[in-house]
Amino acid sequence: MRVSTTLGFLSAAALASAITQVVEVGTGSNPFNFNPNNLTAAEGDVIQFVFSGAPGLHSVTQSNFANPCQPLEGGFNSGFVSVAAGFTGPFVEYEITITNASQPIWFYCAQTSPSPHCIAGMSGVINAPPGKPLSAYQSAASALAALPTQSPSLAATGGVGVSISAPPATGSDAAASTTVPPSASATGGSSSSSGSSSSGGSSSSGGSSSSTSAPAATSSSAAAGTKAVSGLVALAAAAVLGLSI
C-alpha cells in the first residue's frame, strides 16, 4: 500500500511540474517558420501550436529525420489552418502532449503554395537526438527537388511519442486562399477564428498511443513562454498525498 501510494504521489508530482510551451506558427519577418522551432520537453509537457501568423495558411504535420517534409505514417496532422491578413485573434490552437520524451518529434508545414514551406525551412523538432540537429533536417529538406507526396485529404491515425490534448483543426487544401469564420471544429488525433479558420482538408481520429478530447481551442493572444498546468493536477497531487499511510 505504501509503495503504490508513493508511486501515485510521484506520478501526480510529475504531472504537477509539467509545463506548456507555446510555438507560434508563421510569425515574424519570415512567415515560413515555427517560433521556437527547437524544443526540449519532458513527458507530460504540452506543446501548444498557435496559428498566429497573419496572413497565413499552414499545418503542423509529423515527420521523421530520415524523410524530411514527408508525413509520418500514422503521425499527427493539424490540417491546414487559414489566417486572414490583419487578423489579431483569437487564434486557432493545436496541442500535443509528450508521452515519450526519448522519442524525437519532427514536424513541418505541408503547405505547397506559393512554394513548399518545408523546403523553405518551415520545420521543427522536439527532443532532437545527439548527432541529428534540426539544421541537418533542414539541409536535407532544402536539397529536395520537390516536396514528397502529401495527403491532406486523408485522415491521420496513431502517432509517435505524443497524444493530442486539443485535436487538430480541419483545414483547406494546399491551394486554397479563402478564409471562413472560426466555427470549424476538429476531431481525432495521434500519438506522437473570424479570420482564423479551417475548412475542408485533413482531420485525424483515434490513434495508437494517443487520445483525443475537446475541439481545438482558440486564444485571445499567442501567449509566450510557459504556463502552469491546470490546478486540477495540483488537486490530484494533494489527493494522493492524503492517501499515504
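Name the single residue, out of those in the stretch 88-134 being among the charged types (D, E, K, R) and in contact with a strand residue (DSSP E or B) (Cβ under 6 Å, 6 or more places away or on another chain), that is nearest to Gly56 (Cα to Cα). Walk me through it before giving the result.
Initial filter on the stretch 88-134 (among the charged types (D, E, K, R)): 93, 95, 132.
Keeping just the survivors that are in contact with a strand residue (DSSP E or B) (Cβ under 6 Å, 6 or more places away or on another chain) gives 93, 95.
Details: Glu93: 14, Glu95: 19 Å.
The selected residue is Glu93.
Summed over the stretch 41-59, the residues that are buried (at least 22 other Cβ atoms within 10 Å of the Cβ), at pLDDT below 95 and not in a strand (DSSP E or B) give a count of 3. For residues that are part of a loop (DSSP other than H, G, I, E, B) and at pLDDT 95 or above, scanning just the stretch 104-119, find the one that is nearest to Ser163 (Cα to Cα). Among them, the one singled out is Pro104.
Which residue out of Gly131, Gly86 is modelled with pLDDT of 90 or more, farther than 24 Å from Pro36 by Cβ and assigned to a loop (DSSP other than H, G, I, E, B)? Criteria check complete, one pass: Gly86.
Return yes when Leu15 is of a type outside the set (Gly, Ala, Ser), modelled with pLDDT of 90 or more, closer than 18 Å to Thr99 by Cα and surrounded by fewer than 19 Cβ atoms within 10 Å (Cβ to Cβ) and no when it is not.
Numbers: of a type outside the set (Gly, Ala, Ser): yes; modelled with pLDDT of 90 or more: no; closer than 18 Å to Thr99 by Cα: yes; surrounded by fewer than 19 Cβ atoms within 10 Å (Cβ to Cβ): yes.
No, not satisfied.
Only one entry of Val25, Val125 meets the criterion of being buried (at least 19 other Cβ atoms within 10 Å of the Cβ), touching a Lys or Arg at 6+ places or on another chain (Cβ under 9 Å) and at pLDDT 95 or above, and that entry is Val125.
The values are calculated or read from the model by the stated rules, or taken from the named source; none is laboratory data. Just so we're clear, the structure is a prediction, and the values are computed from it rather than from any experiment. Note: ideal-geometry Cβ built from the backbone for every residue, glycine included; neighbour counts use all protein chains shown.
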